[in-house]
1. Any residue at all in the range 32-39 that is over 24 Å from E154 (Cα atoms) and part of a loop (DSSP other than H, G, I, E, B)?
2. Would you point out the residue of the range 137-149, among those that are assigned to a helix (DSSP H, G or I) and modelled with pLDDT of 90 or more, that is nearest to the chain's Cα centre (by Cα)?
3. Quick check, is T84 farther than 19 Å from V124 by Cα, modelled with pLDDT of 85 or more and either surrounded by 17 or more Cβ atoms within 10 Å (Cβ to Cβ) or of a type in the set (A, V, I, L, M) (or both)?
4. Considering only the range 60-81, state which residues are among the small types (G, A, S) and either surrounded by fewer than 19 Cβ atoms within 10 Å (Cβ to Cβ) or in a loop (DSSP other than H, G, I, E, B) (or both).
5. Cβ-Cβ below 9 Å, separation at least six or inter-chain, first residue in the range 24-48 and free of Cβ contacts under 8 Å to residues at least 12 places away in the same chain, second open to solvent by 50 Å² or more (accessible area, probe 1.4 Å) and not hydrophobic (A, V, I, L, M, F, W, C): which pairs?
6. Failed condition for L8, given (1) aliphatic (A, V, I, L, M); (2) open to solvent by 80 Å² or more (accessible area, probe 1.4 Å); (3) touching a helix residue (DSSP H, G or I) at 6+ places or on another chain (Cβ under 7 Å); (4) closer than 30 Å to A133 by Cβ, with all others met?
7. Which of the following residues is open to solvent by 80 Å² or more (accessible area, probe 1.4 Å), in contact with an Asp or Glu (Cβ under 9 Å, 6 or more places away or on another chain) and either modelled with pLDDT under 85 or assigned to a helix (DSSP H, G or I) (or both): P177, P173?
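The values are calculated or read from the model by the stated rules, or taken from the named source; none is laboratory data. Predicted model only: the values in this text are computed from it and were never measured. Don't worry about glycine lacking a Cβ; one is built from the backbone with ideal geometry, like all the others, and counts go over all protein chains shown. For accessibility, only protein heavy atoms count, side chains too; no ligands or nucleic acids. Shrake-Rupley method; radii C 1.70, N 1.55, O 1.52, S 1.80 Å.
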Amino acid sequence: KDGGAAILRGPMAGRVTTQLLKGTDWGDLDVLILDLPPGTGDVQLTVCQEIDLSFAVGVTTPSKLAIADARKGISMFSSMGINTVAMVENMSYFECENGVKHFPFGKGFTGDLKNSETLDPDHVCQLPISEIANDANETGVPICLSRPDGAASELGAFEKLAKIVSREVFRLPFRVPSGEGSV
């Protein structure tokens, strides 16, 4: 039914993922970005088993439950030999007109000292709760293209993430290959 939900059990989701990854003519790729659902389920396992991933970037919110789930994701990827190079923390804080930052959902990865073993704290990119980000989402015009006044926090977080990811991409040719089909 058009506009209806796609309801798939784990094994079927795995087969659909395999069909997408293996049955699509991607051409010559330098980078393939996959936006995966949260968790450590069949889709994530299928991706890890079907293609040779170079690294991962996690996305979470700063709530304790979301951080616990993200930590499990980092652990899963790590156990499969995939390094998580950065964590994007959506809705991390909001900033008042006087410049004071408020963390309504907690300080997330940056406030959790237990994560120092799994992720470099300098590789956490905190995105604020902001009207600017919401407007960009609603209009479909990325903040990095529209460059609205007052978007320094948002642009700074995206720039930080871009630097981390591009540094890892540039390092790829110098790594020892682990197999064919690296992405």
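1. Taking the range 32-39 and keeping what is over 24 Å from E154 (Cα atoms), we get 39.
Now narrow it down to the ones that are part of a loop (DSSP other than H, G, I, E, B): 39.
Checked the range 32-39: at least one residue is over 24 Å from E154 (Cα atoms) and part of a loop (DSSP other than H, G, I, E, B).
2. Ranking the qualifying residues of the range 137-149, first place goes to E138.
3. Here the answer is no, as T84 does not meet what is asked.
4. Correct list: S63, A68, S75, S78, S79, G81.
5. none
6. Every listed condition holds for L8 apart from (4).
7. The unique qualifying residue is P177.
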